[in-house]
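To start, the structure itself, in structure tokens.
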Amino acid sequence: MATMHRSTVALALMSVLMSAMAASQSPDNDFMQAREQLMSAVFEVTVSGDPDVDFAHLMVAHQSAALPMIKTVLAQTDDPTFTHAVERLAQQLNDDIDALNTWLERYDTPDLGADADVIRQAYQTALDEYAQQRGDFVVEGDENWVFANAMLWHQSLVITLDQLMLNHSVDAQLRILAGDGVRHANRDIAELRNWMQTRELE
């Protein structure tokens, strides 16, 4: 009887310990809300058919939504490789947002050309495709892992928006920003995938 009692107590303690460990490894509510905002903000922008104004508004919304999630994950992670990649990403996002907001201060009114419907449809089609893909990147795990998957989706959409703008715009400043954006996003995706592969091998 005593042995059974000790076994019951041991099982109870183990259950409590496992629950505590699971809670400590699970993202908190603020983090999960930040992920939801990251993966939804860009869809709140209404596209007009002006390739430049649409691009600027979409990118400001998309990049700004990543910052709360970055702040949260940096406060939690103790992985130096991961921290370095995320800090560099945060700096790049802030630089992009500042540059795009400066541009919008001068050119915030849409100027619709003859191809406005084509441009509007191109942006909307891309947004619809990425809205459908969100579920593929919503995963379980600790904050680093959840963040990495969300950012793969985020940066892939960055590349698509950059390429759409390059296909339809002649604005020199935005074309430079978009070209740089493609390179930076591809670099970030490569770094994230490398970190994920290394982690899986540990």
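The values are calculated or read from the model by the stated rules, or taken from the named source; none is laboratory data. This one's a predicted model, so the numbers in the text were calculated from it and none came from an experiment. Using ideal geometry, Cβ is built from the backbone for each residue, glycine included, and neighbour counts are taken over all protein chains shown. Ligands, DNA and RNA are stripped out before the accessible areas are found, and what is left, the full protein with its side chains, is counted by its heavy atoms. Shrake-Rupley method; radii C 1.70, N 1.55, O 1.52, S 1.80 Å.
Filter segment 167-197 down to residues that are exposed (fewer than 14 other Cβ atoms within 10 Å of the Cβ) and out of contact with any helix residue (DSSP H, G or I) (no Cβ under 8 Å at 6 or more places or on another chain) and give me whichever is nearest to residue 92 (Cα to Cα).
By that ranking, first place goes to 183.
Between residues in segment 174-202 that are farther than 13 Å from residue 86 by Cα and residues that are open to solvent by 20 Å² or more (accessible area, probe 1.4 Å) and of a type in the set (Gly, Ala, Ser), which pairs lie under 7 Å by C-beta distance while being six or more apart or on different chains?
Close Cβ pairs satisfying both conditions: 177/99.
So, of the residues in segment 103-144 that are in a helix (DSSP H, G or I), of a type outside the set (D, E, K, R) and open to solvent by 40 Å² or more (accessible area, probe 1.4 Å), which turns out to be farthest from residue 77 (Cα to Cα)? Spell out how you get there, then give the answer.
Taking segment 103-144 first, the residues in a helix (DSSP H, G or I) are 103-106, 116-137, 143-144.
If we keep only those that are of a type outside the set (D, E, K, R) as well, we get 103-104, 116, 118-119, 121-127, 130-133, 135, 137, 144.
Checking which are open to solvent by 40 Å² or more (accessible area, probe 1.4 Å) leaves us with 118, 121, 124-125, 132-133, 135, 137.
On the way: 118: 44, 121: 40, 124: 36, 125: 36, 132: 29, 133: 27, 135: 24, 137: 20 Å.
Ranking the qualifying residues of segment 103-144, first place goes to 118.
Just to be sure I understand the filter: pairs with C-beta atoms under 6 Å, separated by 6 or more residues or on different chains, first member in segment 130-146 and of a type in the set (S, T, N, Q), second member surrounded by 14 or more Cβ atoms within 10 Å (Cβ to Cβ). Which pairs pass?
Note: pairs meeting the criteria are 144/77; 144/82.
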